[in-house]
1. List the residues, sorted by chain then number, that are 5 or more residues from residue 34 or on another chain and whose placed amide H is less than 5 Å from its amide H.
2. Among 12, 51, rank each residue by its count of other Cβ atoms within 10 Å, from fewest to most, as a rough exposure measure.
3. For the range 33-79, build the charge dipole from Cβ charges (+1 Lys, Arg; -1 Asp, Glu) around the Cα centre, then report which of 34, 78, 61 sits farthest towards its positive end.
4. Kindly write out, for the range 51-61 in residue order, the coupling ³J(HN,Hα) from the Karplus curve 6.51 cos²θ - 1.76 cosθ + 1.60 (θ = phi - 60°), rounded to whole Hz, with x marking Gly and Pro.
5. Under a crude label model (7 Å from the Cα following the beta-carbon direction), how far is residue 12 from residue 28 in nanometres?
6. Scan the range 8-52 for trypsin sites (Lys or Arg not before Pro) in coil per DSSP, keeping those whose Cβ has at most 12 other Cβ atoms within 10 Å, and list them by number.
7. Report ³J(HN,Hα) in whole Hz for each residue of the range 62-72, in order, from the Karplus equation J = 6.51 cos²θ - 1.76 cosθ + 1.60 where θ = phi - 60°; Gly and Pro get x.
8. Show me, for the range 18-23, the HN-Hα J-couplings you get by feeding each phi into the Karplus relation (A = 6.51, B = -1.76, C = 1.60, θ = phi - 60°), rounded to Hz, glycine and proline as x.
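Taken together, the values in this text are just the output of simple stated rules run on the coordinates, not laboratory data. Just so we're clear, the structure is a prediction, and the values are computed from it rather than from any experiment. Counting neighbours? That spans all protein chains shown, and the Cβs are built from the backbone with ideal geometry, glycine included.
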Amino acid sequence: MSSAQPEVLPAHAPNIVLRGGPAWLPDEQRTRYATDVEGNLKVLFGNAYEHFLPTAETVEQEGVRLRVFEWSRRTYVAE
């Protein structure tokens, strides 16, 4: 009988920070990982997508450089 544990892949380290958008969006959800730091970002929050655009700006948080994405608009999920 094997006691092998399933492999757990590490989460991606944050590489972007979201600026602007809904005031109710918690700070801990504003720092995240994005596979493409050059393209536009669309994030589902509730029943809407918040759209963010990459900027040339970076900030440092806890010793890590993060690309700043600025909020541009909201679109709603179609029913």
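1. 15, 16
2. Numbers: 12 10, 51 17.
So the ranking, lowest neighbour count to highest, is 12, 51.
3. Of 34, 78, 61, it is 78.
4. Once θ is set to phi - 60°, the couplings for the range 51-61 become 9, 10, 10, x, 10, 7, 7, 10, 10, 10, 10 Hz.
5. 2.1 nm
6. Details: sites: 19, 30, 32, 42; in loops: none.
Within the range 8-52, no trypsin sites (Lys or Arg not before Pro) qualify (loop, at most 12 other Cβ atoms within 10 Å).
7. Per-residue couplings from phi come out as 6, x, 10, 7, 10, 6, 8, 10, 9, 4, 10 Hz.
8. 8, 10, x, x, x, 5
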